[in-house]
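The values are calculated or read from the model by the stated rules, or taken from the named source; none is laboratory data. Note that the structure is predicted; figures quoted are calculated from it, not measured. Cβ atoms come from the backbone with ideal geometry, glycine included; neighbour counts cover every protein chain shown.
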Amino acid sequence: MSWISNISTPTQQVTQGLFSATKLLESDDAAIIKKVQKTHKPHGRQVDNLGDLFSIIGKILLHDNRKSDDDVPNEKSVALEVPAYLINKICCKLACNCTDRDAQETTMTILEKELQNYLWDEKLVIMAAAFAVNYGEFYLLTQLDTPDPVAKNMAFLKQLQFIKEIGSASQNLSGAINELSHAIMTVIKIVLQFSDLDPKYFEAEKQPSAITEIARATYWTIYSVVTCGSYIAALVGLRNHLDVWDVEMKALAKLYLELQTKEHNRYQIVWLPIVDEFNEHKFSSLQSLMPWYTVRNPKILRPGFIRYIRESKPGSIICLYGGEDIKWIEDFTTMINRVKDFTKTSIDLVYVSKSNAIDHYNNAIFDFITAKKVGGYWKADETHNWHFWTRLESIFSWGIRDGKNAKENDTMKDVMSLLSFNDSYKGWAVFGQFGSSHKVAKATGEVIMDVLLKISNWWKAGTNVDSFVIALNQQIEHLKVQKHHCYHIVLPATFAKVPDEMMICPICDRKMGKYPMYRCCE
């Protein structure tokens, strides 16, 4: 570039620094950069004290904890010039972008709508400030040794208390974010240095390569910041990244210890591990989480004993049900008692609250269950309830990422059906049997009541209990295709973008329609 040789050495160093810092961010698609340049319609400098604001951002993103007199900015000198409204607006966009699939679209939207009237260096600093707010909040809430109870409770609400439990995976992602933060700050620093140069250096160039590179650096920096939001979301999501046994063992151990404190629970548990493949390291790890008695090695269990266990101690049938229509709940529990008498089958009932339920609104349901002694219930704020719905959402999320849909995968069909129940006021029920590999039976309240009303037509006295769920499921599958259905599943705005072709109705296998929804649940 001939124009570089005509300017001073400091300017040449800045130019070389810019090209070096953006080397990994360069794009061969010149059309994108031209589109970026078309969004650039500055109104002159609108943000003062960019250097001070940049310094504050660095202390957040780079964890610069060096003490000095200017650690906390003077409100009169800085705070009044910070475009707080714009920064908060961009913060919301970053928080809602939980996947990098639409990072380019989000980046261009921010450039076109929020930042078009700002200079290049202002665009970068404002974007970095928004990122610093999001990342700074996340970083503070993950410092679980803080004595601040507000921070601890906020971390609990965002489920960030599990970050330390996911070990090296979270460290790898944190390391990637730190590296990207350093690269972002380097690029911004060089662009800020360019803004201090005399404009004549740019006017002298017939083909403004430097301006093009600044536009490119701006685009890829903002793109990186947007993408980084998906990394932060991934850190939170990794708590389910689907080591199930560790999570289950910890939950069971907590429940067991609670029960042992009650005098009337005078019993002990012995774990008899029946496994097809034995991993000694994994077995030892799980065994260390168990406060109850365990067999020291699965290999000592003889084949004859295992066959006896599988053929002679059948698991009890459990029914999870829900909905907020108390009239249906009364009718359903009455019907279950009739079914138990008719089939001589033991069915344990557990009422499951919606994940977003307000518990005191359902007090009438809880009082009815307690008074009639028709099983137990999980309130919305209880661990069991949260664990149930969160696990389903996690399975659904990872299934979508793996390209699975309800038409081709039975697990996704079951999960989507259960998630649809969570968004419904009407009743629903799902039946399963402990220790059984058979498919669960699930249906809306209307379908399940129709099937159970006709139980004398499809169940014969003396039939093996193990076939109850199988027979029930056959009747449900036969009946529900004959009925009109209105199936829906509600995904939060922060949920990863789902391809339309992946959303297949688990009842009729048609592609589901997509609609925006406005809702008030006061």
### Query
So is Ser2 at negative phi, modelled with pLDDT of 80 or more, hydroxyl-bearing (Ser, Thr, Tyr) and out of contact with any Gly (no Cβ under 6 Å at 6 or more places or on another chain) or not?
no
### Query
Does any residue of the stretch 233-245 turn out to be within 23 Å of Asp402 (Cα to Cα) and modelled with pLDDT of 80 or more?
no
#### Entry: Candidates Leu111, Leu140, Leu144 - the one that is at pLDDT below 60 and either farther than 18 Å from Leu61 by Cα or not β-branched (Val, Ile, Thr) (or both)
Leu144
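Any idea which of Val339, Val350 is under 29 Å from the mean Cα position of the chain (by Cα), under 26 Å from Leu453 (Cβ atoms) and not aromatic (Phe, Trp, Tyr)? Write out each step before concluding.
Working: Val339 fails: under 29 Å from the mean Cα position of the chain (by Cα).
Result of the check over Val339, Val350: Val350.
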### Query
Identify, please: which residue in the stretch 394-424 is among the aromatic types (Phe, Trp, Tyr) and over 12 Å from His488 (Cα atoms) and is, among those, modelled with the highest pLDDT?
Phe396
### Message
Looking at Trp389 and the list (1) surrounded by fewer than 14 Cβ atoms within 10 Å (Cβ to Cβ); (2) within 23 Å of the chain's Cα centre (by Cα); (3) of a type in the set (A, V, I, L, M, F, W, C), which single condition is not satisfied?
### Response
(1)
### Query
Out of curiosity, is His485 modelled with pLDDT under 85, surrounded by 12 or more Cβ atoms within 10 Å (Cβ to Cβ) and either within 26 Å of Thr334 (Cα to Cα) or more than 33 Å from the chain's Cα centre (by Cα) (or both)?
yes
### Task
Answer yes or no: is there a residue in the stretch 404-419 that is among the charged types (D, E, K, R), under 23 Å from Asp325 (Cα atoms) and buried (at least 17 other Cβ atoms within 10 Å of the Cβ).
yes
### Task
Determine whether the stretch 302-317 contains at least one residue that is in a helix (DSSP H, G or I) and of a type in the set (Lys, Arg).
yes
### Task
Select from the stretch 295-314 the residues that are of a type outside the set (A, V, I, L, M), closer than 20 Å to Phe434 by Cα and modelled with pLDDT of 75 or more and list them in ascending order.
Phe305, Arg307, Tyr308
### Query
When you scan the stretch 332-365, how many residues do you find that are surrounded by 14 or more Cβ atoms within 10 Å (Cβ to Cβ), over 22 Å from Asp381 (Cα atoms) and of a type outside the set (S, T, N, Q)?
6
